[in-house]
Amino acid sequence: MKILYVTTLKRDMVKVWLCQETSFFGSLIPPVDLVSIATTLSQDGHLARVLDLRLYKKPLDVYKMFLKEFKPDALVLNLATASAVYDYEIVKVTPREVKKIAFGSHAIALPEEAFQNGFDYVLYGDPEKALRDLVNNNLNAQGIDGISIPYNINRTPNLFEDLDSIPYLDLSMIELNRYSAVYVDRGRLFTAMLSSRGCPFRCTYCLNPTFFSRRYRTQSPERIAEELKFLNRRFGIEEVLFLDATFNISELQVIKFCEELLKRNIKINWLCNMRVEPVNLEMLKLMKEAGCKRVMYGVEDVALLEDIKKDTTSQKIFDAFTNSRKAGLAADAYVILFPDTKHLNEVSYAKYILNLLKQLNADAFQCNIAIPFPGTELFKSLSKEGSLKSDWALYDPGGKKMPYCSKLDLGKVKRIIFIRYPFMNLKNILNLLKDIDLKSLKKMLKKYLENLMQA
Ligand code: SF4
């Protein structure tokens with residue numbers, strides 16, 4: 001079977017696995033979710049093309065040309081909330097005879113909407129596994145877990161027994177030198193990877209349990225290290241961004257992974273998202289020794305940790321930053337602005353976040369507006385209140401507007417934070433500018449000026 005895998009149409013959108021947002025820096029992350037699925041299906045002899053429409057000025061025209069040339073039997077895409085309006089445009093121009101198959105959080109949360117907009121199948125679980133079972137059964141969904149079709153929703157996730165059985169990414173399917181990310185050193189080839197799936201925690205705003213279920217599963221440390229070695233030797237990859245929502249659910253796993261890297265003497269730098277626990281100085285030092293250069297911690301809003309069910313404390317957040325600095329790792333703070341903040345005006349909320357970033361001495365930060373993605377607890381509670389807007393384009397954590405009514409304009413709070421941050425953290429900004437790639441630097445300056453004009 002000939003299968004075409006496509007990204008979103010929107011140039012600056014990061015949409016890979018769970019991530020879905022317009023990148024502030026214009027980072028273009030390789031669509032490794034599509035590559036992983038395409039690699040898996042290729043092993044069974046199915047012909048694959050991965051088409052990154054974000055690389056083209058007129059993406060829809062390129063897509064139509066590609067359809068004529070490749071003549072696929074099926075189209076596969078990651079239907080995310082932030083990209084849904086663009087994803088439906090792609091489906092609309094796809095000929096009727098091409099089967100349209102969606103995986104992704106929006107498709108899983110709202111399969112009926114996906115079908116109304118032209119999809120034929122929705123996958124739930126590990127998309128590599130669900131799609132392989134479906135395609136190898138001649139697209140007959142009957143009796144296969146995790147395959148929904150119109151009027152027959154199947155919510156049993158179709159999961160790999162063993163994540164180690166996923167083949168190594170075949171990065172020859174994409175043009176690696178077209179991608180850039182703000183934290184990747186200039187001129188170095190990089191990729192993203194996903195080494196674990198699912199999360200047992202219950203943060204009210206998080207999509208991970210919706211996408212992969214609450215069962216935490218991970219590849220073995222040996223398998224991950226071997227894949228890094230392969231990607232380095234076969235494709236010249238020098239930096240890896242782990243997209244695991246939480247890289248350190250198991251401390252032992254992190255330690256073993258670092259030991260496997262050191263054993264193989266693999267010269268790759270890597271970055272990962274972490275919870276602030278379990279974190280300790282020994283583990284962080286070992287990570288540094290094994291090539292980790294930056295960790296991104298979910299700080300969110302420390303005053304609301306209980307409300308958002310983060311299951312941690314502000315003390316642990318501060319300890320994680322202190323220990324990361326001691327270990328020589330750059331530590332970034334991921335902050336989320338929530339509508340139920342107790343602050344009475346935008347300036348006061350912005351000052352509080354700026355002060356928090358200063359106290360943490362975060363090397364860099366990302367500040368997003370809380371987005372109630374369908375499938376999350378936040379979506380349910382705001383739906384009940386009746387304050388949600390129905391335009392999916394607003395459900396973009398990197399966007400400027402909010403998809404709900406709120407007493408504060410969180411977009412304005414975000415703008416104030418971005419404008420004032422460099423003046424409060426000049427040293428960190430200069431450090432960041434040293435390594436940042438030129439494309440990202442230009443975008444960052446442009447965005448800064450845009451924010452300044454709107455202030
Ligand atoms: S710990 Fe991280 S991945 Fe898990 S539910 Fe919370 S935010 Fe999501």
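Only the coordinates and a few stated rules stand behind these numbers; no lab work does. Since the model is a prediction, treat every value here as computed from it, not as a measurement. Because the Cβ atoms are built from the backbone with ideal geometry, glycine has one as well, and the counts that use them run over all protein chains shown.
Quote to one decimal, in nm, the extra length available between Thr313 and Lys285 on full extension: 0.36 nm per residue of separation minus the C-alpha distance between them.
Full extension of this stretch gives 7.8 nm more.
In Å, what Rg and Dmax follow from the Cα atoms of region 352-399?
14.3, 39
Just to confirm a number: summing +1 for Lys and Arg and -1 for Asp and Glu over residues other than Ala102 whose beta-carbon lies under 13 angstrom from that of Ala102, what do you get?
Overall, the nearby charge balance is -2.
Of all the C-alpha pairs in the chain, what % are more than 41 Å from each other?
Of the Cα pairs, 13 percent sit more than 41 Å apart.
Taking the alpha-carbon centroid of each part, what is the distance from region 191-221 to region 113-189 in angstrom?
Each part's Cα centre sits 15 Å from the other's.
Below 20 Å, Cα to Cα, which aspartates and glutamates can Lys263 reach? Residues fewer than 8 away in the same chain don't count.
Asp164, Glu222, Glu226, Glu227, Glu238, Glu239, Glu251, Glu282, Glu289
For the pair Lys407 and Val93, what calculated FRET efficiency results from E = 1/(1 + (r/R0)^6), where r is the Cβ-Cβ distance and R0 = 35 Å, to the nearest 0.05?
So, using R0 = 35 Å, E works out to roughly 0.25.
Hey, which of these cross-link pairs are over 20 Å Cα-Cα: Lys285/Lys309; Lys15/Lys57; Lys2/Lys68; Lys10/Lys447?
Too far apart for the 20 Å limit: Lys285/Lys309.
Ignoring everything except DSSP H segments at least 4 long, calculate the 222 nm mean residue ellipticity for the chain; use -39,500 (n - 2.57) per segment, divide by total residues, nearest 500.
Calculated at 222 nm, the ellipticity per residue is -11500 deg cm²/dmol.
Run the numbers for Ser383 and Arg215: contour at 0.36 nm per residue of separation, minus the present Cα-Cα distance, in nm.
57.9 nm is the gain from fully extending Ser383 to Arg215.
Roughly what would the spin-label model give for Leu426 and Lys256, points 7 Å off Cα along C-beta, in nm?
4.9 nm
Residue by residue through region 374-386, which ³J(HN,Hα) values in whole Hz follow from phi under the Karplus form 6.51 cos²θ - 1.76 cosθ + 1.60 (θ = phi - 60°), with glycine and proline marked x?
Result, rounded to whole Hz: x, x, 9, 5, 4, 4, 4, 5, 6, 5, 4, 5, x.
Sketch the reach of a paramagnetic label on Glu222 as a point 7 Å from Cα along Cα-to-Cβ, and name the residues of region 129-165 whose backbone nitrogen lies under 12 Å away.
none
Tell me, what is the Rg over Rh of region 183-454, with Rh the Kirkwood radius over Cα pairs?
Numbers: Rg = 19.0 Å, Rh = 19.7 Å.
Result: Rg/Rh = 0.96.
Give me a comma-separated list of calculated 3J(HN,Hα) values for region 203-208, in order, Karplus coefficients 6.51, -1.76, 1.60 applied at θ = phi - 60°, integers in Hz, x for any Gly or Pro.
Each residue's phi maps through the Karplus curve to give 3, 5, 9, 9, 9, 4 Hz.
Would you calculate the convex hull of the Cα atoms in region 1-146 and tell me its volume per residue in Å³?
97 Å³
Looking at the chain, send over the antiparallel percent of its DSSP beta bridges, to the nearest 5. Walk me through the numbers before you get to the answer.
Numbers: 11 of 52 bridges.
In the chain, DSSP labels about 20 percent of beta bridges as antiparallel.
When we measure straight from the Cα of Lys427, which aspartates and glutamates land under 13 angstrom away, once same-chain ones fewer than 8 places off are left out?
Here the aspartates and glutamates satisfying the reach criterion relative to Lys427 are Asp363.
Would you mind checking the pairs Lys99/Lys384; Lys310/Lys351; Lys310/Lys401; Lys58/Lys442; Lys64/Lys401 and listing those with alpha carbons more than 29 angstrom apart?
Values: Lys99/Lys384 35 Å; Lys310/Lys351 22 Å; Lys310/Lys401 24 Å; Lys58/Lys442 22 Å; Lys64/Lys401 32 Å.
Pairs exceeding 29 Å: Lys99/Lys384; Lys64/Lys401.
Once you have the Cα-Cα distance between Ser42 and Lys68, take 0.36 nm times their residue separation minus that, and quote the gain in nm to one decimal.
Fully extending the segment from Ser42 to Lys68 adds 7.2 nm.
What is the calculated FRET efficiency for Leu344 to Asp185, with r their C-beta to C-beta distance and R₀ = 41 Å, to the nearest 0.05?
On the way: r = 43 Å, r/R0 = 1.04.
It comes to 0.45.
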